[in-house]
Amino acid sequence: MYAPPNPFSKDISTVNKLILLVTKMAFIVFIGGLLEHNSGKTTVARDMVNFFKKNSAMKISPFKPLSGNNLFYHYDQIKKNTAEYKDFVSLDIAELLHETSNETKATIANPVHKVNTQAIATRFFEEGSISAFYNKYQDSEALIQRFSFCDEAGNQKSTYIVNEPIYKNRKFWNDEVLTESILKKASEIKFFKNDQEYYSLNSKYYADSIQTSFEYLKKNSDLMVIESFNNSAHPAWCVRESNVILLLGPGSIFIYEPDVYFRAIDNFRAINRNKPSTTNEVLKIASPKEALYLPLDETDRLETVTKLANQIKDTIG
């Protein structure tokens with residue numbers, strides 16, 4: 001199996017360079033986060049996309065396989081995005097697409113997106129106490145989740161799965177203007193009533209949605225910048241192709257060899273089959289090739305990202 005060349009190696013073989021030219025596939029940079037929130041993924045991804053837009057003629061495609069935004073915290077931004085894209089899309093991918101000069105569809109760049117909400121108050125009576133209620137429902141629930149599928153020509157269809165108990169409770173949810181126009185154009189709508197039904201539908205559509213969009217972008221881009229979801233080691237296990245792995249935390253960039261990184265995930269999953277693999281678990285198993293300081297100051301941060309981007313640019317040639 002061909003292993004993508006490491007752009008930070010001082011000696012990339014002529015054979016590997018020829019393989020990159022012959023396959024004509026996108027060079028892929030994967031950016032993961034060490035924290036569930038605020039690791040700096042979008043900031044560094046934006047800096048890198050912006051660098052290549054200004055300093056190369058390459059077609060750059062940001063890719064956010066999985067995303068989620070919460071109505072309680074992002075309501076105005078979600079409304080703004082739906083007005084612009086006529087669909088539910090990640091706030092992060094909208095920011096990254098604004099940095100590019102190509103015409104990538106937002107729903108290809110972000111094939112799976114969840115609109116989340118908190119549990120409605122009536123669930124309190126099922127739990128019997130406020131502490132039990134907030135302990136169980138401290139995380140948000142999916143209200144609507146979009147799965148977009150892409151063919152070789154870039155044509156799309158979308159399936160939406162909808163949380164029936166919450167969505168049909170109009171005392172709680174009454175913003176039909178935000179959702180109805182989007183759901184009307186759906187290829188398919190499936191309602192779920194509980195977690196079991198949600199996970200079943202997710203398993204049915206998830207991999208195909210991400211893989212078809214990834215394959216299209218890979219064939220129609222020179223560079224892909226993949227931004228992960230929260231602190232997931234990789235939110236799209238059907239996608240195992242990357243030339244550079246960058247893991248970010250506040251003030252830090254850890255650079256991994258792709259084969260070392262994916263082998264660590266494989267080892268973790270072999271032992272913990274039912275537990276999601278996180279970047280923290282990878283760090284316990286495998287050491288990065290290099291660790292860099294990511295400055296707080298914007299000018300210094302841009303200098304660090306620019307050095308990395310230049311190394312990548314030199315590798316691509």
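Brief remarks on what is shown
For (1) in contact (Cβ under 8 Å) with a residue 12 or more places away in the chain; (2) surrounded by 16 or more Cβ atoms within 10 Å (Cβ to Cβ); (3) not aliphatic (A, V, I, L, M), each residue gets a yes or a no:
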{"residue": "Asn155", "(1), (2), (3)": "no, no, yes"}
{"residue": "Val162", "(1), (2), (3)": "yes, yes, no"}
{"residue": "Lys184", "(1), (2), (3)": "no, no, yes"}
{"residue": "Lys190", "(1), (2), (3)": "yes, yes, yes"}
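- Taking the criterion of being within 16 Å of Asp87 (Cβ to Cβ) and touching a strand residue (DSSP E or B) at 6+ places or on another chain (Cβ under 6 Å), the residues of segment 184-204 that qualify are Ala186, Ser187, Glu188, Ile189.
- Sole residue being modelled with pLDDT of 90 or more and within 14 Å of Ser61 (Cα to Cα), chosen from Ser213, Ser252, Ser203: Ser213
- Criterion: at pLDDT 90 or above and among the basic types (Lys, Arg) - qualifying residue of Arg273, Arg301, Arg269, Arg240: Arg301
- Single residue of Gly317, Gly251 found to be under 26 Å from Ser90 (Cα atoms) and surrounded by fewer than 13 Cβ atoms within 10 Å (Cβ to Cβ): Gly251
- Against the test of being within 25 Å of Leu97 (Cα to Cα), touching a helix residue (DSSP H, G or I) at 6+ places or on another chain (Cβ under 9 Å) and either aromatic (Phe, Trp, Tyr) or in the same structural domain as Glu36 (by TED's automatic domain parsing) (or both), the options Ser277, Ser287, Ser232 yield a single qualifying residue, Ser232.
- Test: residue in segment 64-84 that is in contact (Cβ under 8 Å) with a residue 40 or more places away in the chain, closer than 22 Å to Glu303 by Cα and not polar (S, T, N, Q): no
- Checked against (1) under 20 Å from the mean Cα position of the chain (by Cα); (2) within 24 Å of Phe147 (Cα to Cα), Ile245 passes all but a single condition, namely (2).
- When Val282 is tested against the conditions (1) surrounded by fewer than 16 Cβ atoms within 10 Å (Cβ to Cβ); (2) of a type in the set (A, V, I, L, M); (3) at pLDDT below 90, the lone failure is (1).
- Looking across Val260, Val305, Val282, one residue alone is assigned to a helix (DSSP H, G or I) and closer than 14 Å to Lys41 by Cα. It is Val305.
- Residue check: Ile189 meets all listed conditions (1) in a strand (DSSP E or B); (2) of a type outside the set (S, T, N, Q); (3) closer than 26 Å to Asn38 by Cβ but one, namely (3).
- Single unsatisfied condition, Arg273 versus (1) surrounded by fewer than 22 Cβ atoms within 10 Å (Cβ to Cβ); (2) under 19 Å from the mean Cα position of the chain (by Cα); (3) not in a helix (DSSP H, G or I): (2)
- Cβ pairs under 6 Å, 6+ apart, first in segment 202-222 and assigned by TED's automatic domain parsing to the domain that holds Ser187, second part of a helix (DSSP H, G or I): Ser213/Ile108
The values are calculated or read from the model by the stated rules, or taken from the named source; none is laboratory data. The structure displayed is predicted, hence computed values, not measured ones. Please note: Cβ atoms are built from the backbone with ideal geometry, for glycine as well, and neighbour counts cover all protein chains shown.
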